[in-house]
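The values are calculated or read from the model by the stated rules, or taken from the named source; none is laboratory data. Not measured: the values here are computed from a predicted model. Because the Cβ atoms are built from the backbone with ideal geometry, glycine has one as well, and the counts that use them run over all protein chains shown.
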Amino acid sequence: MSTRRHALKSVAAATGLSALSLPLTTWSQAGDLVVAAAPPITGVFAFAGVGLNLGLNDYCEWRNEARGGVMGRRLRYISEDSAYKMDQAMSVFKKLMAAHRPPVFYGDSTAWAKAAAVEVSQIGTTMTSSPSFASDIADPEKVPYYFMAGPTYASMCYILLEYINGQAKGGVKPTVALVYSDTEFGRDPIEAAKGRAKQLGINVVQEIVTKPGSVDVSAEVARLRRARPDFVIFHGYVLAPIPEFIRQMREAGMTGTQFMGTIWSMDKSTAEAMGPAGEGWMGVMPYRYSHDVKDAPAVVTMNQFAQKRRPEIKYVSTFYTHGWLVGSIFAEIMERVLRANRPLTGPNMKAALESMTDWDSGGISGLPVNLRGHQIATGRIYRFDAGTKLFEPASGWIRTT
Amino acid sequence: MRIGDFRASYAHDEALLATPVQRSWMIGFVLLVLVFPWIGGSYLTYLACLTGIHLIAAMGLNIVTGYAGQISLGHAAFMGVGCYTVAALARMEIPFYLALPVGGLISALVGIVVGIPSLRIKGLYLAVATLAAQFILIFVFREWDSVTGGVRGVNVPPAQLGTWIFNTEGEIYYVIMACAFILLLGARNLFRTYIGRSFIAIRDKDISAEVLGIDLFRGKLLAFALGSFYAGVAGGLMGYFYRAITPEHFTLTLSVFYLAAIIVGGLGTVLGAILGAAFMVLVPEALRGVVSLVTVWAPNAMALLSPVREMVFGALIIGFLIFEPHGLVEMWRRVRRFFHLWPFKT
Amino acid sequence: MDWISFIEFSLIGLFSGGLLALVALGFVLVYKGTRAINFAMGEFMMLGAYLVYTGHTWMGLPLWLAVLLGLLGISLIALGVERLVLRPLAGQPVVSVLMVTIGLGALMHGAVDAIWGGRNLEMPQILPRKPLLWGDILIPGPIFWSFWVALAVIAALSLYFRFSRTGIAMRAAASDPITAYALGIDVRRTQQLTWVFAGCVGAVAGTIVASISSLSPALSATALGVLAVVILGGLDSVLGVIIAGLVVGWLESIAVGYFGGKARDLVPYLVVLAILMIRPYGLLGTRDIERL
């Protein structure tokens, strides 16, 4: 037999043997509480997804170590990459649901959250969350088994517009341009934001839609230059193409324009990636940054655990913080249900979630957390200081509608 | 060893299951398919459903590219057309056994439109034309908000038979397998008829086929129509299966996936479509299993899963094209030949 | 849109077209030399850019040395591809070669994603960033300079093919391999050289594109939009792709100006379909005559 045939046969045998490993991966210890997730570890939002994944994973580990899990049952974190692709996210979702029937699931995007909402309501066994803060899914009636660990994107835009409104000089309202990505994530708050701008009398002079990742923005910058906005709000991106936009706009002479973003573009690494153009980058963030440890015991714990477990991380990112917070909310929901001696079903977990009206997040969120409306409706405006390379608060904690 | 296999009539010669051995294997296989959800568990049933959907779509592509020789890089877009049509019909409370064929028909119409360039151009140029069609259709999916829900996508109500709702993997499995069985039988039958053989003639040398009196234009358009019909039905089933569909489900990557499936399986055969689809579904799963075993030594291995999957995918295509151009079907035939001739060698 | 904006967008489009023509040149080189469309062109571009990035940012080499390293790396990979992947498929039907380049693209894309990760990286600055201001019209620096670099590379290659011995040998082998063999030209060597040139062209184009936007594995997707240029110009005409590059670049820019960024997803493919319906061999391509 030729060597080629031989090689083909051994490859086939190896494939066959590795297929036997399929059943092994679904084995789990009885009594474990499975926390399943489909974070976007690779793909356009890999930047955020890696942090989210680590944060959620590390919370589960910390909880098992420090508090023996939830009511004595260990948390088991199982995640598989969704690559920020809807079909992959859905298939990971179906797969993990079929294999483990987890009580809690963390998805990857606005698109997934909206799409899976119907399915999740019908199945009724799982409480879900995701990196999405879309307005449509913060609806306890229509989407009963979803919560978001922050305010909706629309609320974030309202906060920004209120701030812009306050910057009116001599009765002349500033002008605003909206730059957002052509995804569910990006499009979500735009209509609401335009409506609020109209109410406040702020003129939206330009609206730019781009693909989410890196892209050639020269033509779009040309359009923005024509419109000459005082403020530019970016939404729907994690990093690219914001630094490129800002750099080109500064080069094109728009030195007076103030650039602002929403939660996912407010990480230290985003601002640093902008280089000198990052000075003055502002936006809305619902959490404390990890360097802000005063009166924030949970932030301290998180920093300590991250340092011990992942020494390569120099500064705990907002993505990690988000993952940690979501983990603690999941754990709190399950604890409340189990403590009341009830089974972990969708309706019970929904009731437990809505009973968290005055919950202490340990300082990660600035005000006591009220999840009655399935969202944490608080946030603060921060401004990036290129000198200290940190975000500093530019307003107090605001409760949104 | 095969002995006593005499074909005494034309009907017998043309039969799909000619020997008692073949018939008993087929009966056994059908029984296995019927009881699979009970013995396999929900995860394996999920995989089987996915295989069934990919099977139907791959068969469609095999008709267009494998049998009729028209390279189509837009197959996923046709699935999308079928899927959105079925979603719209299902929301209007039309039962699945009507929605699926209608979805297939609409998809076939789109396929005919996309196939029109095939009269003027062929080979590489036709591939590029279908590629352009793929991107244009994706654009339509993303922008035509009123019908397709745009970037948000649509939710598909579950398939219903009277009062029985096909909600879980185990239930939709039977719908998918029934469709797959009917469509595969249809495809196999097609190539015992004049139309099927004319496709093969068009593939091999279309100028000669025209000289022989085969209407090229009708033949090529029919090939596109049939291939898209299959894709449309597969898309509709995908809608009933995933229940939430966005345009991202129907990207170029999926079209390439199906091309890879039929190349790996074997161009121009029904068994090739089956083997190819099964292979392409199982390999990523096996890969994931291997990676999760490797995670014991290298904890960050999971992050590499998507890129490595893509590498394996590319390597498979290259490997099969270089070493086994006729695909898994050829390997299967070698195995069968071995058993037919045993204990003799040649 | 007023006149000034129209002129601005037109100029931006024309200058961007230079880069499109350069990428299209990579396609044309491979088609002329080997009769195959290289669907992995985008991945060659991406890989070239990553190699330059690695040389400069990770290994600390000066920029010109990093670019040289990138070109060398891509040449080696192109040689490997030609020998290991394309040579065994000589004579196989079109579908096979097409699919093998697609598979190759997937392999390269996955490898880059695995080795360098999916994050957006910052390319070192290669072209001057200062924008040009002509009255009220602003042309971003990188776009303007990329046009001239592209033109220089295309001109250099054209001169090479016209006047050097190897270049003429490559053209001979491309048009009639059997006669070329008879005249003593090493056809295998010319095919290898073709791939090396195509790879280098891709690497240069990829580096420039990455320095204009940013470096990530998504870079490889830009090559598909260049198919419009290739088809419009004619798969085997260098002059054709130059003209087509300018036309398509201009069309895209105007479309983005009027309709927004989404037009960039649609315009190239509408152009492709239109050309294929009306004049499949493009502006200056040669007609394929099929014989029984």
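Tabulated results
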read-out	value
Options A:ALA111, A:ALA115; residue that is out of contact with any Phe, Trp or Tyr (no Cβ under 6 Å at 6 or more places or on another chain), in contact (Cβ under 8 Å) with a residue 40 or more places away in the chain, assigned to a helix (DSSP H, G or I) and not assigned by TED's automatic domain parsing to the domain that holds A:LEU224	A:ALA111
Count - residues of the range C:216-230 that are modelled with pLDDT under 85 and either of a type in the set (Lys, Arg) or not in a helix (DSSP H, G or I) (or both)	1
Condition met for B:ILE121 (farther than 21 Å from B:GLY268 by Cα and outside any helix (DSSP H, G or I))	yes
Answer from B:ALA90, B:ALA99 - the residue that is in contact (Cβ under 8 Å) with a residue 60 or more places away in the chain, of a type in the set (A, V, I, L, M), more than 14 Å from chain C (Cβ to nearest Cβ) and touching a Pro at 6+ places or on another chain (Cβ under 7 Å)	B:ALA90
Some residue of the range B:260-277 being under 24 Å from B:HIS326 (Cα atoms), modelled with pLDDT under 90 and within 14 Å of chain A (Cβ to nearest Cβ)	no
Residues of the range B:162-173 that turn out to be at negative phi and without any contact (Cβ under 8 Å) to a residue 24 or more places away in the chain, as a count	5
Selection status of B:MET311, crowded, with 19+ Cβ neighbours inside 10 Å, more than 21 Å from B:LEU50 (Cβ to Cβ) and not polar (S, T, N, Q)	yes
Yes/no for C:ILE242 being touching a residue at least 60 places away in the same chain (Cβ under 8 Å) and either within 17 Å of the chain's Cα centre (by Cα) or in a helix (DSSP H, G or I) (or both)	yes
Subset of the range B:314-346 [part of a loop (DSSP other than H, G, I, E, B) and within 14 Å of chain C (Cβ to nearest Cβ)]	B:GLU324, B:PRO325, B:HIS326
Qualifying residue in the range B:181-189 (condition: part of a helix (DSSP H, G or I) and within 11 Å of another protein chain (Cβ to nearest Cβ))	no
Strands (runs of 3 or more DSSP E) wholly inside the range A:138-255 that include at least 1 residues being within 14 Å of chain C (Cβ to nearest Cβ), touching a His at 6+ places or on another chain (Cβ under 6 Å) and modelled with pLDDT of 90 or more	A:175-181
Among (1) of a type outside the set (Lys, Arg); (2) in contact (Cβ under 8 Å) with a residue 12 or more places away in the chain; (3) surrounded by fewer than 24 Cβ atoms within 10 Å (Cβ to Cβ) - the single one B:LEU259 does not satisfy	(3)
Evaluation of A:ALA168 against (1) in contact with a Leu (Cβ under 6 Å, 6 or more places away or on another chain); (2) surrounded by fewer than 17 Cβ atoms within 10 Å (Cβ to Cβ) (one fails), failing number	(1)
Odd one out for B:PHE135 among (1) in a helix (DSSP H, G or I); (2) without any contact (Cβ under 8 Å) to a residue 40 or more places away in the chain; (3) at the interface with another protein chain (Cβ under 7 Å from one of its Cβ atoms)	(2)
The range C:194-219: number of residues that are touching a residue at least 60 places away in the same chain (Cβ under 8 Å), surrounded by fewer than 24 Cβ atoms within 10 Å (Cβ to Cβ) and either over 21 Å from C:PHE15 (Cβ atoms) or away from every other protein chain (no Cβ under 12 Å) (or both)	4
Whichever residue in the range B:138-180 is modelled with pLDDT under 80 and in a loop (DSSP other than H, G, I, E, B) and, among such residues, is farthest from the other protein chains (Cβ to nearest Cβ)	B:GLY162
Criterion (buried (at least 23 other Cβ atoms within 10 Å of the Cβ) and touching a Ser or Thr at 6+ places or on another chain (Cβ under 7 Å)) met by exactly one of B:ALA127, B:ALA180, B:ALA87, B:ALA76	B:ALA76
Condition met for A:GLY275 (crowded, with 21+ Cβ neighbours inside 10 Å and either in contact with a Cys (Cβ under 8 Å, 6 or more places away or on another chain) or not assigned by TED's automatic domain parsing to the domain that holds A:SER109 (or both))	no
Selection within the range A:93-107 - more than 10 Å from chain B (Cβ to nearest Cβ) and more than 18 Å from the chain's Cα centre (by Cα)	A:PRO102, A:PRO103
Selection status of C:VAL94, closer than 19 Å to B:LEU321 by Cα, surrounded by fewer than 19 Cβ atoms within 10 Å (Cβ to Cβ) and of a type outside the set (Asp, Glu)	yes
Close pairs (7 angstrom Cβ cut-off, 6 or more residues apart or separate chains): within 10 Å of another protein chain (Cβ to nearest Cβ) and assigned to a helix (DSSP H, G or I) in the range B:33-52, of a type in the set (S, T, N, Q) and surrounded by fewer than 18 Cβ atoms within 10 Å (Cβ to Cβ) anywhere	B:TYR43/A:THR26
Criterion violated by C:ASP236 - all others in (1) assigned to a helix (DSSP H, G or I); (2) surrounded by fewer than 24 Cβ atoms within 10 Å (Cβ to Cβ) satisfied	(1)
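Each row is one residue, and each column tells you yes or no for (1) among the aromatic types (Phe, Trp, Tyr); (2) in a helix (DSSP H, G or I); (3) free of Cβ contacts under 8 Å to residues at least 60 places away in the same chain.
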{"residue": "C:LEU51", "(1), (2), (3)": "no, yes, no"}
{"residue": "C:LEU72", "(1), (2), (3)": "no, yes, yes"}
{"residue": "C:SER75", "(1), (2), (3)": "no, yes, no"}
{"residue": "C:VAL81", "(1), (2), (3)": "no, yes, no"}
{"residue": "C:LEU86", "(1), (2), (3)": "no, yes, no"}
{"residue": "C:MET108", "(1), (2), (3)": "no, yes, no"}
{"residue": "C:PRO128", "(1), (2), (3)": "no, no, yes"}
{"residue": "C:ILE143", "(1), (2), (3)": "no, yes, no"}
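Each row is one residue, and each column tells you yes or no for (1) surrounded by 21 or more Cβ atoms within 10 Å (Cβ to Cβ); (2) touching a Ser or Thr at 6+ places or on another chain (Cβ under 6 Å); (3) among the small types (Gly, Ala, Ser); (4) assigned to a strand (DSSP E or B).
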residue: A:SER361; (1), (2), (3), (4): yes, no, yes, no
residue: A:ARG372; (1), (2), (3), (4): no, yes, no, no
residue: A:TYR382; (1), (2), (3), (4): yes, no, no, yes
residue: A:GLY396; (1), (2), (3), (4): no, no, yes, no
